[in-house]
Structure formats: structure tokens, C-alpha cells
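Novice: After the C-alpha cells below, expect a handful of questions from me.
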Amino acid sequence: SVSAYKGIIGGKQEVMIGYSDSAKDAGRLAASWAQYETQEALVEVAKKHGIDMTFFHGKGGTVGRGGNPATFNAILAHAPNTINSQFRVTEQGEMINQNFGFSDRAERTMNIFTAAVLSERHIPRPTPTPEWRDMMKNISDISCAAYRSIVREDERFVPYFRSATPELELSELNIGSRPAKRKATGGVESLRAIPWNFSWTQTRLNLPTWLGVGDAIYQILASSDGDTLRQMYKEWGSFATTIDLVEMVLAKSEPSIAAHYDHKLVHEDKAKELGQHVRKIHAETEAAVLDLTGHSELSEDNVVLRRALQVRNPYCDCLNILQAETLQRLRSCDEGNEEVQKLLKDTLLTTITGVANGMGNTG
């Protein structure tokens with residue numbers, strides 16, 4: 001509404017949508033719905049004032065940072081009338097090489113982006129009904145509360161996170177473009193989103209993506225609104241894409257590997273109890289997602305993913321075993337023994353790189 005500003009921008013405005021910290025704060029499900037509604041609201045404001053608005057999606061490679069390897073479906077999952085033939089997005093980490101590392105791969109990636117943006121423009125997509133919106137608010141509230149009850153309110157969580165994952169070591173290996181933390185001290189809230197997601201990817205638990213989702217689905221399906229939720233999954237592509245993403249991450253997860261990290265690295269009894277509890281939630285989330293999707297196995301309709309997991313998991317399993325052993329030795333190593341420390345850090349970096357490439361969707 002400020003005429004001077006409208007003159008400066010020449011009738012065009014770019015708005016960046018952040019995915020990483022919102023998901024770290026509230027959980028993936030609640031964050032994605034908040035982003036959906038925010039983009040809808042911003043488009044209405046732009047339309048009111050005659051502004052051509054473009055959204056810049058600041059996504060990472062991991063699902064916990066807004067990523068989705070199914071690029072075409074990811075673009076079509078955005079709220080109607082928020083792209084309008086203009087789409088800008090970040091590519092980070094291993095996703096750069098995965099999508100643009102070779103000329104034919106880069107051409108394929110750009111073809112998919114182009115096809116998706118054109119399809120979004122011309123394919124009618126349902127706008128969520130008031131009933132669906134009320135359901136999404138309910139789901140978001142339940143999942144956010146469940147997520148925060150573990151990550152922010154459970155006093156056992158930070159000690160568990162720091163002992164069961166390579167989070168502390170990541171900051172010393174100089175493998176990121178920015179410091180792992182915004183400040184040297186503090187809990188999860190001070191940790192940048194990349195090491196937060198990356199640490200859980202390394203242990204194959206992928207906690208930031210699915211924590212809280214199972215609670216919400218289970219509660220709704222057990223209530224009188226269960227049929228509405230199933231209808232949303234069948235008829236609303238945006239919601240189905242979100243659930244399918246969670247299902248994919250659950251399929252990639254290996255709680256038994258995470259349990260091995262606990263066995264090797266976690267020494268406090270309370271932290272061990274939390275680890276067992278989190279893996280129990282993981283199993284319950286799997287059951288809830290399978291109930292909603294009607295699948296008998298996770299990602300049963302994604303033949304490519306299932307075949308990829310069969311091929312690469314045995315290699316990743318070995319790297320995870322080596323990584324847990326290396327972390328245990330590194331943490332118990334005499335600080336004065338620089339030669340052994342250097343050897344262990346080099347080994348750790350090798351396993352981290354291997355697991356990251358094996359898991360995919362990192363960065």
C-alpha cells in the first residue's frame with residue numbers, strides 16, 4: 001500500500017519461503033500447512049495491490065527441510081495460484097550433484113521443472129474445502145504438540161541427541177558452509193537446520209520428518225473424522241504428497257541401526273529410555289501411515305525406491321556400523337594422541353560421506 005515502495009519494485013515482488021527452521025520448530029506436518037496457508041494469504045495481498053509476486057522456495061535436500069525427490073509432484077503440491085509460471089528454488093548439498101552433476105541429468109532435471117510448472121498452470125487442482133482446512137488445523141496442532149513434547153519439553157532429549165548422533169563431531173569436521181550452531185552454547189533451538197537433519201540422517205532414524213505425524217493420524221482415524229481424513233488422502237494431491245513423503249522417509253529409516261548407535265554411544269539410562277521410546281513412536285507412526293494409505297508395506301507402489309533400498313542398504317549398513325565404532329573410539333581417545341585422532345576423524349568423514357550419498361535427499 002506504500003506507493004513509494006510499489007514504485008521502487010516496479011510492480012514485482014519476490015518473497016522467500018523458509019522451510020528449515022519452521023520444520024525444526026514445529027515438525028514437518030505443521031510447518032508445511034503453515035507455509036501453504038501463508039502463500040495463499042500473500043497471493044491475495046499481492047492481487048489486491050496489483051503486484052506480480054514470485055515465491056523463492058528456500059528448500060534443502062532432506063524432507064525435513066522441505067525437500068522432495070519427486071520434483072513434479074512437489075511442484076503440483078503447492079497451493080493453487082501461488083506459482084503462476086514462476087518458480088524459484090534452492091538446490092543444496094548432495095542434491096546439486098544428484099540433479100545437475102552430469103549434462104544429461106541436468107537436462108532431465110530442467111525438463112521436469114519445466115513440465116511441472118506448465119502443468120501447474122493448466123491442470124485444475126482442488127482447493128481445500130473448509131472441512132479439510134479445519135482438519136489440517138487439527139492435525140497440525142496435534143502433530144506440533146507431539147513433536148515439541150519430545151524435542152523441546154523432554155529433558156532427556158538434548159543429552160540423547162548429542163550422544164546418539166554425530167552432531168558434536170559435525171561441527172569439528174568443517175563439512176558445512178556455515179557454523180553448525182548460531183551460537184556456541186544452547187540446545188536444539190540454537191542448532192542450524194542442516195546439521196539437525198543431517199545428524200538424524202546419519203543414524204538412519206530421520207526423526208525430524210516423521211515425529212508427531214503418527215500421533216495426529218492415529219487420533220484422527222480413531223475419531224469420527226477418520227473418513228474425512230481418508231477422503232483427503234484420496235482426493236487432495238497436496239495432502240497425499242505430504243503423507244507419501246513421510247512414508248518414503250519411514251521406508252528409508254532403519255530403527256535397528258539407530259538402536260546400534262544407542263548401544264555403542266549412549267551411556268545415561270534416561271537417554272537410553274528415550275531412545276527406546278522414540279523407536280516405539282517410529283513403529284506406531286509406520287502403522288498409522290499404512291492405515292491411512294491402505295498399503296501393506298511402506299512405499300509399496302514405489303518400485304524404484306524399494307529396489308534402490310535393496311541394493312544400497314547393505315552397503316550403508318556396513319558404513320553405519322563403522323561410523324558408530326569410530327565415534328565410540330573418537331570420544332574415548334586421549335586428546336593428546338593427535339595422530340590417532342586425525343585417523344579417526346578421517347575415517348568418520350569417509351563414513352559420513354558414504355552414508356549421505358547412500359541415503360540421498362540430503363543437504
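The values are calculated or read from the model by the stated rules, or taken from the named source; none is laboratory data. None of the values given here were measured: they were computed from a predicted structure. Every residue, glycine as well, gets a Cβ built from its backbone with ideal geometry; the counts of neighbours run over all protein chains shown. Protein only, heavy atoms only, side chains kept; ligands, DNA and RNA dropped before computing areas. Shrake-Rupley method; radii C 1.70, N 1.55, O 1.52, S 1.80 Å.
Novice: Report, by residue number, each residue of segment 18-42 that is at pLDDT below 85 and more than 12 Å from the chain's Cα centre (by Cα).
Specialist: Step one: of segment 18-42, the residues at pLDDT below 85 are 18-23.
Residue satisfying the conditions is G18 alone.
Novice: Additional query: State the number of residues belonging to segment 196-241 that are among the aliphatic types (A, V, I, L, M), within 30 Å of L319 (Cβ to Cβ), part of a loop (DSSP other than H, G, I, E, B) and out of contact with any Phe, Trp or Tyr (no Cβ under 7 Å at 6 or more places or on another chain).
Specialist: 1
Novice: Still on this structure, please answer the following. Report yes if some residue within segment 316-335 is at pLDDT below 95, among the charged types (D, E, K, R), surrounded by fewer than 17 Cβ atoms within 10 Å (Cβ to Cβ) and not in a helix (DSSP H, G or I); otherwise report no.
Specialist: Taking every residue of segment 316-335 in turn, at least one turns out to be at pLDDT below 95, among the charged types (D, E, K, R), surrounded by fewer than 17 Cβ atoms within 10 Å (Cβ to Cβ) and not in a helix (DSSP H, G or I).
Novice: Identify all residues within segment 291-303 that are within 20 Å of the chain's Cα centre (by Cα) and either of a type in the set (S, T, N, Q) or loosely packed, with under 14 Cβ neighbours inside 10 Å (or both); write none if there are none.
Specialist: Matches in segment 291-303: T293, S299, N302.
Novice: State which residue is farthest from L76 (Cα to Cα) when the search covers only segment 233-247 and only residues that are among the aliphatic types (A, V, I, L, M) and crowded, with 23+ Cβ neighbours inside 10 Å.
Specialist: V246
Novice: Determine the pairs where a residue that is modelled with pLDDT of 85 or more, located within segment 48-66, has a partner that is β-branched (V, I, T) and open to solvent by less than 10 Å² (accessible area, probe 1.4 Å) with Cβ atoms under 9 Å apart, the partner being 6 or more residues away or on another chain.
Specialist: As it stands, the answer is M53/T82; T54/I83; F55/T82; F55/I83, since those pairs meet every condition given.
Novice: All but one of (1) at pLDDT 90 or above; (2) surrounded by fewer than 21 Cβ atoms within 10 Å (Cβ to Cβ) hold for S199; state the number of the condition that does not hold.
Specialist: (2)
Novice: Moving on to the next point. Would you please name the residue that is least open to solvent (accessible area, probe 1.4 Å), looking only at residues in segment 88-112 that are under 23 Å from I194 (Cβ atoms) and of a type in the set (A, V, I, L, M, F, W, C)?
Specialist: M95
Every residue, every condition in (1) on the phi < 0 side of the Ramachandran plot; (2) modelled with pLDDT under 95; (3) of a type in the set (V, I, T), yes or no:
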| residue | (1), (2), (3) |
| --- | --- |
| M248 | yes, yes, no |
| I257 | yes, no, yes |
| Y261 | yes, no, no |
| L274 | yes, no, no |
| K280 | yes, no, no |
| A283 | yes, no, no |
| A288 | yes, no, no |
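Novice: Quick check on segment 210-223. Is at least one of its residues closer than 30 Å to L348 by Cβ and crowded, with 23+ Cβ neighbours inside 10 Å?
Specialist: Checking segment 210-223: at least one residue is closer than 30 Å to L348 by Cβ and crowded, with 23+ Cβ neighbours inside 10 Å.
Novice: Here's another thing I want to ask about it. Among all residue pairs at least 6 apart or on different chains, which show Cβ distances below 7 Å where the first residue, located in segment 263-282, is under 18 Å from P166 (Cα atoms) and the second is of a type in the set (K, R)?
Specialist: Every condition considered, the pairs that remain are V266/K272; A271/R156; L274/R156.
Novice: Being open to solvent by 70 Å² or more (accessible area, probe 1.4 Å) and closer than 30 Å to I150 by Cα is the filter here; which residues of segment 22-50 pass it?
Specialist: E37
Novice: If I ask for residues that are small (G, A, S), in a helix (DSSP H, G or I) and open to solvent by less than 40 Å² (accessible area, probe 1.4 Å), which ones from segment 251-290 would you list? I'd like the intermediate steps shown before the answer.
Specialist: So the first thing to find is which residues in segment 251-290 are small (G, A, S), and the list is 251, 253, 256, 258-259, 271, 275, 283, 287-288.
In the following step, the residues that additionally are in a helix (DSSP H, G or I) were identified as 251, 256, 258-259, 271, 275, 283, 287-288.
A251, A258, A259, A271, G275, A288, listed by residue number.
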